[in-house]
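The values are calculated or read from the model by the stated rules, or taken from the named source; none is laboratory data. Predicted model only: the values in this text are computed from it and were never measured. Cβ atoms come from the backbone with ideal geometry, glycine included; neighbour counts cover every protein chain shown. Ligands, DNA and RNA are excluded from the accessible area calculation, which covers all protein heavy atoms including side chains. Shrake-Rupley method; radii C 1.70, N 1.55, O 1.52, S 1.80 Å.
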Amino acid sequence: MSSRPTTVRPKPGAQLELTVDSFAFGGAGVARLDGYVVFVRGAVPGDRVRARVTRSKRDYAEAIVDELLAPSADRIPERAPHPGAPWQVLPYERQLAEKERQVREALTRYGHFEDPPVEPIVAAEQTWH
């Protein structure tokens, strides 16, 4: 018996309404469609979005935000449109916490640490520039 979701995977170009629940490594939001994982560029945890599928694989899809239906409570206005700064729509403190979470997760998953020895991330003196 397979543990794969029974949902038919969406085809490229399909429009989906999704709620993002976490971040993937690299900054894309992670949403689920009846258990099927969709990585959504431009979305943050808590966002409700209409997203367009750009790539569809057996285990996951990739999508981009076409419309922000309901923003996350954490979302702030972006300072400047820049594809290399997807987390600028989150308060800096939340960015630091997310980066620390991702380091812990990588050490647990790939390094097989039960309780990774991670020190708090040192904040930048200037967050812009």
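Of the strands (runs of 3 or more DSSP E) lying entirely inside region 1-80, those carrying at least 2 residues that are acidic (Asp, Glu) and more than 12 Å from the chain's Cα centre (by Cα) are 60-70. Does residue 88 satisfy being polar (S, T, N, Q), closer than 21 Å to residue 29 by Cα, in contact with a Phe, Trp or Tyr (Cβ under 6 Å, 6 or more places away or on another chain) and assigned to a helix (DSSP H, G or I)? No.
Within the set 30, 89, the sole residue that is within 28 Å of residue 107 (Cα to Cα), surrounded by 11 or more Cβ atoms within 10 Å (Cβ to Cβ) and at pLDDT 95 or above turns out to be 30.
Within the bounds of region 52-65, is there any residue that is acidic (Asp, Glu) and touching a strand residue (DSSP E or B) at 6+ places or on another chain (Cβ under 9 Å)? Yes: region 52-65 contains one or more residues that are acidic (Asp, Glu) and touching a strand residue (DSSP E or B) at 6+ places or on another chain (Cβ under 9 Å). The requirement of being within 24 Å of residue 121 (Cα to Cα), in contact with a Leu (Cβ under 7 Å, 6 or more places away or on another chain) and in contact (Cβ under 8 Å) with a residue 12 or more places away in the chain is not satisfied by residue 47. When region 11-27 is filtered for residues that are touching a residue at least 60 places away in the same chain (Cβ under 8 Å) and either surrounded by fewer than 16 Cβ atoms within 10 Å (Cβ to Cβ) or on the phi > 0 side of the Ramachandran plot (or both), the ones remaining, listed by number, are 25, 27. Determine whether residue 49 is over 23 Å from residue 128 (Cβ atoms) and open to solvent by less than 60 Å² (accessible area, probe 1.4 Å). Yes: the conditions hold for residue 49.
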